[in-house]
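First the structure, in the form of structure tokens, and then the observations on it.
The values are calculated or read from the model by the stated rules, or taken from the named source; none is laboratory data. In this text, all values refer to a predicted model and were calculated from it rather than measured experimentally. Methodologically, a virtual Cβ is constructed for each residue, glycine included, from the backbone with ideal geometry; neighbour enumeration extends over all protein chains shown.
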Amino acid sequence: MEALALRDPTAAPVAGRFGRHGGRFVPEPLIPACEEVEVAFAEAWADAGFRADLAWLLSRYAGRPTPLTPALRLSTELGVTVLLKREDLAHTGSHKINNVLGQALLARRMGKRRLLAETGAGMHGVATATAGALLGLPVTVFMGERDVERQAHNVFRMRLLGAQVVPVRSGSRTLKDATSEAMRHWVSVTEEAYYCVGSVIGPHPYPWMVRQLQAVIGQEARHQCAEQLPAGTPEHVVACVGGGSNAAGAFAGFVDTSARLVGVEAAGGAGAARGEIGVLHGFQSLFLQDEQGQIREARSAAAGLDYPGVGPEHAHLRDLGRAEYVTATDEEALAAAVRLARAEGIVPAIESAHALAWVIRAAGTTELPTGSSVLVTLSGRGDKDIATLMTYLGDGEAE
Amino acid sequence: MTSLETRLRLRRDRGRKLLMPYLTGGVTPDWTDHLRALADAGADAIEVGIPFSDPTLDGVTIQEASDVALCRGATTAGILADLSRSRIDVPVVVSTYANLALRRGADRFCRALADAGVQGLIVPDLPLEEAGSTGAAARAANVDLALLASPATPARRLRDIAERSRGFVYAVSLMGTTGERNQLAASAAGLARRLRGVTDRPVFLGFGISTPAQAAAAARDADGVIVGAALMRRLLDGADPASTAGFVRSLRAALDGVPARTAADAGG
């Protein structure tokens, strides 16, 4: 709530604003549903019982707290202290479970009977399918057809968990279109279904709610850094950014410290670094678009970063100069994934590898001077990307 | 120029049921021939869509029409230039998504609409809370910004929407996206009656109204109907202006068979 500010002091106060970004740009039929989620979440978040239920699930089911692993060999190679926040070790293999368990508990508390979700790489879809199985709520996941093809492993995981996966054939057939289709479907089922948004995007209260649910990443990391770093806080906090949920969670733990916050986007999906102000999927933020205002298609080897925009809080942090947004190419991310695998025995998701790629590129420069410390959120594990990595190594670096 | 709302009210008050067909701007090279044909076939206003890459409230037909128009190179400026040149007698209401309306600022967008002779505007993803600055820009340009109401809209909010809407109130007949349906939604009549209970502004029912019979049924409780996907499907299937006009004439005839609201009904 502390980061919410009015867009314009003379305008009527509008909930859900992060500076000039955020808001609730949804068609009238969805307004009552958004209000219902907002009220329910505010009540639940203030309810010690709800928080205790969530904390119980996060520790006994999802494996929290996740470790903070010093990347010893990589640190030596790079000359900077690299600490990895191991979201890849959370249940289902990514940070997505943090958000989904909270929202699924909320859905049950609201009396909703099924869950809807969009997914890019499939990690949010898998997490939602998991929470649905756990709480006995049927799950429908919308996924771009292109992502269905390149993330077949996760598609099967979702189906294994009992979820229905709906391939979306419109537009770029990736996360953007999956989100549009989920919103179209939501309009027709608002009474019975809960829309479990996977990132810090969408109409108010989603960007705020998802940030609150992911803040556990930053809160844990802050305590862990205090134990592991002589200085107590890292000088740099780095995370990959698609919609930006793992970054929002990590940044939430450090926004009031002196740590420099760096979000790393895919070069082909850099909403924060290269976008312009616009409105899509219910919120105002920075989006890749042409002169006319048509949304451009993002293109990345990391399906989870294949989104033409960025969450409104990130756009606001950029406006304020509090966080910086940079990019890494597919090639840099794939190389970083291989390097981490070989230096530390950890195979990261290609999404997370973007954050590492920036660290590798910046280490030893004025951006990330030798001897400095950097916390990197390893948002997910790379099992889903094995086919992509096989192709990459086969083409470029055969054994 | 007489405002959109004044023109619609005059016709409604004379006992006419109002018809607003929808056409995606730039969907075919001869789209303004369709526009003129709709005007001549008995439309009281025509909704012209400026296509957006991500139309989140539209079903497959209007998604396809938008894609087709964008592939043909349709732009806001191009569609408005076509409208300027076509100068039809029937008022034009532009509909588009917020990103296009706000791209160069709402003021500039609304002035461009007015310069092209457009009298009304619909932006489905600008609900009450987000419509303030665009509403002001539209008023300054003498363009009526019509707001949407839905079956899920609670009573108090419905009153606010009716009060702040200009031109007419767009009653979304069902909880869903645009597109043809087999029958008129059960929620349509109730919403139209609730709106008529709180406003004297013309109330148009839209979404899913696909046939003359459905149009007539909708017009028993509403002042008018908006028909989009049913028309656009015909157009995408290759209908020429004479046949789209024929479909609109069949809607017109069905509406002309609906008894007018009595004075006792009006506004209450």
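A:Asp290 fulfils the conditions (1) surrounded by fewer than 20 Cβ atoms within 10 Å (Cβ to Cβ); (2) more than 14 Å from chain B (Cβ to nearest Cβ); (3) not hydrophobic (A, V, I, L, M, F, W, C) except for a single criterion, (2). For the condition farther than 30 Å from B:Ala101 by Cα, out of contact with any Ser or Thr (no Cβ under 8 Å at 6 or more places or on another chain), within 14 Å of chain B (Cβ to nearest Cβ) and surrounded by fewer than 20 Cβ atoms within 10 Å (Cβ to Cβ), A:Glu276 does not qualify. Scanning segment B:88-109 for residues that are part of a strand (DSSP E or B) and not hydroxyl-bearing (Ser, Thr, Tyr), we see that the one that is farthest from the other protein chains (Cβ to nearest Cβ) is B:Val92. Within segment B:110-133, being within 11 Å of another protein chain (Cβ to nearest Cβ) and under 18 Å from the mean Cα position of the chain (by Cα) holds for B:Ile122, B:Val123, B:Pro124, B:Asp125, B:Leu126, B:Pro127, B:Leu128, B:Ala131. How many residues are free of Cβ contacts under 8 Å to residues at least 60 places away in the same chain and not in a helix (DSSP H, G or I) if we restrict to segment A:27-62? The number of residues fulfilling the criteria is 3. For segment A:69-85, filtered to residues that are part of a strand (DSSP E or B) and buried (at least 20 other Cβ atoms within 10 Å of the Cβ), the residue that is nearest to the chain's Cα centre (by Cα) is A:Lys85. Among the conditions (1) exposed (fewer than 15 other Cβ atoms within 10 Å of the Cβ); (2) in a helix (DSSP H, G or I); (3) of a type outside the set (Lys, Arg), the only one that A:Thr370 does not satisfy is (2). Among (1) in a helix (DSSP H, G or I); (2) away from chain A (no Cβ under 12 Å); (3) in contact (Cβ under 8 Å) with a residue 60 or more places away in the chain, there is one condition B:Asp44 misses while meeting the rest; what is its number? So B:Asp44 meets the others, but not (1). Among the residues making up segment A:34-54, a single one is within 10 Å of another protein chain (Cβ to nearest Cβ) and under 16 Å from A:Ile201 (Cβ atoms): A:Cys34. Selection of segment B:134-155 for residues being part of a strand (DSSP E or B) and either within 8 Å of another protein chain (Cβ to nearest Cβ) or at pLDDT below 95 (or both) yields B:Leu148, B:Ala149.
Has segment B:29-38 got any residue that is assigned to a helix (DSSP H, G or I) and either free of Cβ contacts under 8 Å to residues at least 40 places away in the same chain or facing chain A (nearest Cβ under 8 Å) (or both)? So that I can check it myself, show each step before the final result.
As a first pass, look at segment B:29-38 and keep what is assigned to a helix (DSSP H, G or I): B:31-38.
Narrowing further to those that are either free of Cβ contacts under 8 Å to residues at least 40 places away in the same chain or facing chain A (nearest Cβ under 8 Å) (or both): none.
Among the residues of segment B:29-38, not one is assigned to a helix (DSSP H, G or I) and either free of Cβ contacts under 8 Å to residues at least 40 places away in the same chain or facing chain A (nearest Cβ under 8 Å) (or both), which makes the answer no.
Right, B:Ala239: among the hydrophobic types (A, V, I, L, M, F, W, C) and assigned to a loop (DSSP other than H, G, I, E, B) or not? Before you say what the answer is, go through the steps one by one.
Values: among the hydrophobic types (A, V, I, L, M, F, W, C): yes; assigned to a loop (DSSP other than H, G, I, E, B): yes.
When the stated conditions are applied, B:Ala239 passes them.
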